[in-house]
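Each remark here refers to the structure printed beneath this line.
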Amino acid sequence: MIVYGGDWNPEQWPEETWSEDVVLMREAGVTRVSVGIFSWSHLEPEEGRYDFAWFDRVLDLLGEHGIEACLATPTAAPPPWFGHTYPEALPVDRDGRRLHHGSRQGFCPSSPIYRDRALRIAEKVADRYRDHEAVVMWHVHNEYGCHNARCYCDASAEAFRAWLCERYQSLETLNDAWGTAFWSQRYSDWAQILPPRATPTLTNPAHELDFKRFSSDALVSLYRAERALLGPKPATTNLMTGAHWDMDCWSFAEAVDVVATDHYLIGEHPHEDLAFAADYARSLNGGRPWLLMEHSTSAVNWQGLNLAKDPGELRRNSLAHLARGADAIMFFQWRQSRAGAEKWHSAMLPHAGTDTKTWREVVALGAELESLRDVSGSTVAADVAILLDHDSVWAQDHPAQPTDRLKPVEVIKEWHAALWRAGITCDLARPEHDLSGYRLVVAPSLYLVSDEGAANLESFVAAGGVALVGPYSGIVDPHDRVRLGGYPGAFRDLLGVSVEEFFPLTEPIALAGGGVGRIWSEQARLTTAKALDTYRDGRPAWTRNEWGGGTAHYLTTLPADLFPIMARVCEEAGVTPAAQAPPGVEVVRRTHPDGRSYLFAINHTDEDAVVEKAVVPAGAVTVIRT
Ligand code: GAL
């Protein structure tokens with residue numbers, strides 16, 4: 001079965017509406033709803049006084065109508081009494097401003113008071129409902145760190161020091177790792193260490209990086225503490241793959257029973273962004289089917305300009321997630337809110353009711369997912385991996401860089417988009433992961449890499465793989481200390497080049513092969529590599545080095561058009577698309593172990609297309625079964 005549904009927030013509505021809701025859910029083919037996400041102030045109206053009667057009726061109603069509940073712990077939105085009683089548990093920003101209650105995620109992730117009260121309500125919910133027939137799964141919290149990932153208060157300072165103490169054991173080791181000899185930053189007592197609060201000028205990069213790691217760990221630790229209370233039914237939390245970078249999704253993936261993510265269309269090429277988010281979610285779940293916990297039926301409410309979806313777009317987006325391995329297609333939210341900050345956010349059941357484009361599309365999608373139920377459990381195989389490391393993204397985020405125009409996430413997404421345009425499905429992988437199943441590994445932006453990660457890429461290539469590495473990769477160690485002896489330190493031998501200086505660009509630069517480089521250039525000396533393209537002055541722009549049984553390519557700039565380079569490395573690695581398709585038609589295949597497979601052809605153009613003899617109408621999706 002493909003799970004279908006969305007967030008249901010019955011506390012926003014009078015009880016008469018609930019019975020209408022469940023009837024309409026059945027009409028739409030909804031199989032599961034997430035409930036209780038923002039219910040804390042209704043479940044515990046005053047500290048220590050609980051009201052579960054209304055929620056009993058909600059869950060019973062779902063049970064009676066055969067709709068599964070993904071039951072949330074309501075800890076993402078502490079009630080007003082929490083901030084009022086415990087202002088010291090509210091988050092503090094970098095400038096020392098304490099934020100107030102009145103929104104959501106109004107808490108410091110390291111606050112012992114928050115942890116205690118959150119675990120208390122989570123346990124109450126768990127004790128009361130863990131055996132309820134409607135409950136099939138736990139939805140812990142909501143989008144950890146979406147608004148409060150980093151808190152700079154005194155409680156955070158104390159927790160940060162404890163985390164550092166555990167990591168470094170001695171101040172001497174910490175001083176060495178952080179390079180505190182610079183600018184007289186040597187610590188002589190743990191008590192002197194603070195979160196990186198506002199300072200007169202640039203902060204210590206290693207300090208910043210550890211604070212980001214610590215802050216992400218604090219969120220994972222909250223997840224684990226809640227999860228431990230819930231019992232045997234599977235638990236997850238909704239990540240924001242590709243959209244929010246403050247939490248290390250790889251660490252979260254280790255903690256959850258199944259990976260779930262949310263995705264909202266954003267940017268100039270939203271369908272490419274969708275593919276990235278979906279590939280990332282699948283990779284986090286080890287290639288197994290994952291859950292799309294939220295997306296939107298139409299407009300959101302939090303962008304400057306919130307565009308409604310065109311007819312057919314909802315289906316196209318949903319099936320694009322399904323194609324990339326989702327076994328659940330869910331929305332935020334079931335019924336569009338009448339009041340509150342999200343009243344202009346679309347939902348499955350819009351303000352205007354059921355005589356609407358959205359409702360008709362929602363019902364049609366429910367029926368279609370039912371007809372595609374046998375897709376569930378099938379997987380997506382990828383021959384290509386893109387290396388993605390949060391530590392590296394965080395480290396490169398520090399403002400003191402050769403240029404502020406080289407943005408790691410943008411580069412990673414650009415490279416993913418180049419593969420997308422070539423019809424190649426890829427996974428995301430950590431540099432330390434087992435890469436042996438891939439033919440091609442690309443590292444678009446890996447400023448920081450561990451020795452282990454670098455050695456792993458070397459072994460992959462030595463064993464016959466093809467690698468493509470982007471500029472400003474392999475530069476620093478896990479403490480953001482430069483790898484000496486010539487850049488790109490960690491990959492110098494593998495790539496067969498040595499770089500003395502960087503030359504960030506003020507404007508695009510012509511390449512001898514006819515292309516153009518952007519943002520970055522280098523003065524690279526070839527040690528063992530050969531140049532495949534150069535700048536007009538002869539300096540290498542694209543190099544290729546033989547290494548063991550494989551080859552390692554390097555780019556010293558960001559080519560405006562990556563297509564010829566991707567085509568070359570794919571050809572060298574023997575990587576081909578899931579099917580031949582015209583430009584703008586996305587093709588992805590899901591396969592069962594017994595060989596049954598589904599080729600999803602998703603037409604993002606205004607023209608009808610043909611894929612494997614099947615017609616894919618403009619803007620539509622065709623699923624070809626074999
Ligand atoms: C998500 C969140 C939902 C809702 C949605 C709106 O980030 O989990 O609760 O706010 O965005 O797009």
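Have a look at Ala339, Ala417 and point out the one that is under 23 Å from Tyr264 (Cα atoms) and either among the basic types (Lys, Arg) or within 16 Å of the ligand (Cβ to nearest atom) (or both).
Among Ala339, Ala417, only Ala339 is under 23 Å from Tyr264 (Cα atoms) and either among the basic types (Lys, Arg) or within 16 Å of the ligand (Cβ to nearest atom) (or both).
Residues that are surrounded by fewer than 20 Cβ atoms within 10 Å (Cβ to Cβ), part of a loop (DSSP other than H, G, I, E, B) and within 24 Å of the chain's Cα centre (by Cα): does segment 359-376 have at least one?
For segment 359-376, residues surrounded by fewer than 20 Cβ atoms within 10 Å (Cβ to Cβ), part of a loop (DSSP other than H, G, I, E, B) and within 24 Å of the chain's Cα centre (by Cα): present.
What number goes with the only condition from (1) away from the ligand (no atom under 16 Å from the Cβ); (2) open to solvent by less than 10 Å² (accessible area, probe 1.4 Å); (3) more than 21 Å from Ser156 (Cβ to Cβ) that Lys124 does not pass?
(2)
Being within 15 Å of Ala134 (Cα to Cα), of a type outside the set (Gly, Ala, Ser) and not in a helix (DSSP H, G or I) is the filter here, so list the residues in segment 12-47 that pass it.
Answer for segment 12-47, where residues must be within 15 Å of Ala134 (Cα to Cα), of a type outside the set (Gly, Ala, Ser) and not in a helix (DSSP H, G or I): Val30, Thr31, Arg32, Val33, Val35.
For segment 66-125, what are the residues that are at pLDDT below 95 and in a helix (DSSP H, G or I)?
Those that are at pLDDT below 95 and in a helix (DSSP H, G or I): none in segment 66-125.
Find the residue count for segment 62-75, including only residues that are under 19 Å from Phe38 (Cα atoms) and open to solvent by 10 Å² or more (accessible area, probe 1.4 Å).
Counting residues in segment 62-75 that are under 19 Å from Phe38 (Cα atoms) and open to solvent by 10 Å² or more (accessible area, probe 1.4 Å) gives 1.
Of the residues Ser215, Ser188, Ser156, only one is out of contact with any helix residue (DSSP H, G or I) (no Cβ under 6 Å at 6 or more places or on another chain), surrounded by fewer than 16 Cβ atoms within 10 Å (Cβ to Cβ) and among the small types (Gly, Ala, Ser); which?
The match here is Ser188.
Please enumerate the residues belonging to segment 417-440 that are surrounded by fewer than 22 Cβ atoms within 10 Å (Cβ to Cβ) and of a type in the set (Gly, Ala, Ser).
Residues satisfying the conditions are Ala417, Ala418, Ala422, Gly423, Ser436, Gly437.
Which condition number in (1) touching a helix residue (DSSP H, G or I) at 6+ places or on another chain (Cβ under 6 Å); (2) in contact (Cβ under 8 Å) with a residue 40 or more places away in the chain; (3) of a type outside the set (Phe, Trp, Tyr) is the one that Ile113 fails?
(2)
Looking at (1) surrounded by 13 or more Cβ atoms within 10 Å (Cβ to Cβ); (2) without any contact (Cβ under 8 Å) to a residue 60 or more places away in the chain, which is the one condition that is false for Glu571?
Answer for Glu571: the failing condition is (1).
Can you find even one residue in segment 451-463 that is assigned to a strand (DSSP E or B) and either buried (at least 20 other Cβ atoms within 10 Å of the Cβ) or within 23 Å of the chain's Cα centre (by Cα) (or both)?
no
Take Tyr487 and tell me if it is of a type in the set (Ser, Thr, Tyr) and buried (at least 21 other Cβ atoms within 10 Å of the Cβ).
In short, yes.
What tally of residues in segment 48-61 results from selecting those that are surrounded by fewer than 20 Cβ atoms within 10 Å (Cβ to Cβ) and not in a loop (DSSP other than H, G, I, E, B)?
7
For every residue, the table says whether it meets (1) under 15 Å from Gly48 (Cβ atoms); (2) open to solvent by less than 30 Å² (accessible area, probe 1.4 Å).
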position: Ala77; (1), (2): no, yes
position: Leu90; (1), (2): no, yes
position: Arg104; (1), (2): no, no
position: Pro109; (1), (2): no, yes
position: Ile113; (1), (2): yes, no
position: Ala118; (1), (2): yes, yes
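Is it true that some residue in segment 377-386 is more than 16 Å from the ligand (Cβ to nearest atom), open to solvent by less than 10 Å² (accessible area, probe 1.4 Å) and not aliphatic (A, V, I, L, M)?
Checked against the condition, which is being more than 16 Å from the ligand (Cβ to nearest atom), open to solvent by less than 10 Å² (accessible area, probe 1.4 Å) and not aliphatic (A, V, I, L, M), segment 377-386 yields at least one hit.
Output the number of the condition that Thr551 fails; it satisfies all remaining conditions of (1) in a strand (DSSP E or B); (2) surrounded by fewer than 22 Cβ atoms within 10 Å (Cβ to Cβ); (3) over 32 Å from the mean Cα position of the chain (by Cα).
Looking at each condition in turn, Thr551 falls short on (3).
State the number of residues belonging to segment 195-207 that are open to solvent by less than 20 Å² (accessible area, probe 1.4 Å) and either in contact with a Leu (Cβ under 8 Å, 6 or more places away or on another chain) or in contact (Cβ under 8 Å) with a residue 40 or more places away in the chain (or both).
3
In the list His139, His132, which residue meets the criterion of being in contact (Cβ under 8 Å) with a residue 12 or more places away in the chain and within 16 Å of the ligand (Cβ to nearest atom)?
Every option except His139 fails the conditions.
Scan segment 91-104 and report the pairs whose first residue is under 19 Å from Ala159 (Cα atoms) and whose second residue is open to solvent by 80 Å² or more (accessible area, probe 1.4 Å), with Cβ atoms within less than 9 Å and a gap of 6+ or a chain change.
From residues that are under 19 Å from Ala159 (Cα atoms), the pairs are Pro91/Arg98; Pro91/His147; Val92/Arg98; Val92/Asp154; Arg98/Glu88.
Filter segment 604-626 down to the residues that are in a strand (DSSP E or B) and touching a residue at least 60 places away in the same chain (Cβ under 8 Å), then identify the one that is least open to solvent (accessible area, probe 1.4 Å).
Out of the qualifying residues, it is Val621.
Residue by residue, here is whether (1) more than 30 Å from Val256 (Cα to Cα); (2) aliphatic (A, V, I, L, M); (3) open to solvent by less than 60 Å² (accessible area, probe 1.4 Å) holds:
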site: Tyr129; (1), (2), (3): no, no, yes
site: Ala149; (1), (2), (3): no, yes, yes
site: Arg161; (1), (2), (3): no, no, yes
site: Leu171; (1), (2), (3): yes, yes, yes
site: Phe182; (1), (2), (3): yes, no, no
site: Ile193; (1), (2), (3): yes, yes, yes
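Any residue at all in segment 3-11 that is within 16 Å of the ligand (Cβ to nearest atom), assigned to a loop (DSSP other than H, G, I, E, B) and in contact (Cβ under 8 Å) with a residue 40 or more places away in the chain?
Within segment 3-11, one or more residues are within 16 Å of the ligand (Cβ to nearest atom), assigned to a loop (DSSP other than H, G, I, E, B) and in contact (Cβ under 8 Å) with a residue 40 or more places away in the chain.
Condition first: over 15 Å from Asn317 (Cα atoms), outside any strand (DSSP E or B) and modelled with pLDDT under 95. Can you find one or more residues in segment 583-591 that meet it?
Within segment 583-591, none of the residues are over 15 Å from Asn317 (Cα atoms), outside any strand (DSSP E or B) and modelled with pLDDT under 95.
Within segment 506-523, how many residues are in contact (Cβ under 8 Å) with a residue 60 or more places away in the chain and either on the phi < 0 side of the Ramachandran plot or part of a strand (DSSP E or B) (or both)?
1
The values are calculated or read from the model by the stated rules, or taken from the named source; none is laboratory data. Remember, predicted model here, so these are calculated numbers, not experimental data. Quick reminder, even Gly has a Cβ in these numbers, built from the backbone with ideal geometry, and neighbours come from all protein chains shown. Calculation scope for accessible area: heavy atoms of the full protein, side chains included, ligands and nucleic acids excluded. Shrake-Rupley method; radii C 1.70, N 1.55, O 1.52, S 1.80 Å.
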